[in-house]
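The values are calculated or read from the model by the stated rules, or taken from the named source; none is laboratory data. Remember, predicted model here, so these are calculated numbers, not experimental data. Cβ placement follows ideal geometry from the backbone for every residue including glycine, while neighbour counts extend to all protein chains displayed.
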Amino acid sequence: MYPFYALVSRLKYIDRWALMRNSERENVMEHSYMVAVLAHALGVIRRDVFKKDCSPESLAAFALFHDAPEIITGDMPTPVKYHDGNMISAYREIEKGAVKKLVGALPESMQGEYCKLLDGEKELVKAADKLSAYIKCLEELKCGNDEFKSASESTLGKLRAMEIPEIDYFLDNFIGAFTMSLDELQL
């Protein structure tokens, strides 16, 4: 019996933003879904708007599993994870061990595929992950939660600093809708 998929299903029990007061809780499974949606969108933008070779479907698959090691590590808050170089290095080693354990929870014939999904960092998936964090900040601010004001400004600055045309396109064309009410969103 292989526990990989049962472990992945437990992502719903791992809360994000643990050091912040949240108006709306978010778990890693919800976050991974949104990152997959955004990575797919960035891939479509790259392929269809900027006419560059890209597989949005592949990006969506990578994004679905981008935080899977957190089943073992938990969600390390950003200020802790990136506190200093030693912490970053140590956490990367812990993540590598978690990936190895997760891949080992599959039949050998399936391990290669998931090794690729769990062990690869894709530029647009990383960008989608950051974009998802920014959207979370906007949603919290919309609820009147000023706890996310600094995180929102910092995250937007990091997104712009990435200098990824697909991110700029998304921010210019889609991000404003995330600050709207349902009535305002009606077509």
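Here are a few things to note about the model shown:
- Qualifying residue in the range 138-148 (condition: among the polar types (S, T, N, Q), part of a helix (DSSP H, G or I) and either in contact (Cβ under 8 Å) with a residue 60 or more places away in the chain or more than 20 Å from residue 24 (Cα to Cα) (or both)): no
- Look at (1) surrounded by 12 or more Cβ atoms within 10 Å (Cβ to Cβ); (2) over 19 Å from residue 125 (Cα atoms); (3) under 16 Å from the mean Cα position of the chain (by Cα) and you find that residue 25 fails only one, number (1).
- Candidates 99, 28: the one that is modelled with pLDDT under 95 and out of contact with any strand residue (DSSP E or B) (no Cβ under 7 Å at 6 or more places or on another chain) is 99.
- Any hit, the range 161-171, residues being loosely packed, with under 14 Cβ neighbours inside 10 Å, more than 20 Å from the chain's Cα centre (by Cα) and without any contact (Cβ under 8 Å) to a residue 40 or more places away in the chain: no
- Condition check for residue 44: in contact (Cβ under 8 Å) with a residue 40 or more places away in the chain, more than 18 Å from residue 8 (Cα to Cα) and either crowded, with 18+ Cβ neighbours inside 10 Å or out of contact with any Ser or Thr (no Cβ under 8 Å at 6 or more places or on another chain) (or both): no
- Residues that are without any contact (Cβ under 8 Å) to a residue 40 or more places away in the chain and small (Gly, Ala, Ser) were ranked within the range 59-109; the one that is farthest from residue 131 (Cα to Cα) is 109.
- Test result for residue 37, β-branched (Val, Ile, Thr), over 22 Å from residue 139 (Cβ atoms) and either at pLDDT below 95 or out of contact with any Ser or Thr (no Cβ under 7 Å at 6 or more places or on another chain) (or both): no
- Residue in the range 50-67 that is of a type in the set (Phe, Trp, Tyr), modelled with pLDDT of 95 or more, outside any helix (DSSP H, G or I) and surrounded by fewer than 16 Cβ atoms within 10 Å (Cβ to Cβ) present: yes
- Taken as a whole, the range 13-26 holds no residue that is touching a residue at least 60 places away in the same chain (Cβ under 8 Å) and in contact with a Ser or Thr (Cβ under 8 Å, 6 or more places away or on another chain).
Results for (1) within 22 Å of residue 60 (Cα to Cα); (2) surrounded by 14 or more Cβ atoms within 10 Å (Cβ to Cβ); (3) out of contact with any strand residue (DSSP E or B) (no Cβ under 8 Å at 6 or more places or on another chain), shown as yes or no for each residue.
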residue: 85; (1), (2), (3): no, no, yes
residue: 89; (1), (2), (3): no, no, yes
residue: 110; (1), (2), (3): yes, no, yes
residue: 117; (1), (2), (3): yes, yes, yes
residue: 124; (1), (2), (3): yes, yes, yes
residue: 127; (1), (2), (3): yes, yes, yes
residue: 136; (1), (2), (3): yes, yes, yes
residue: 152; (1), (2), (3): no, yes, yes
residue: 186; (1), (2), (3): no, no, yes
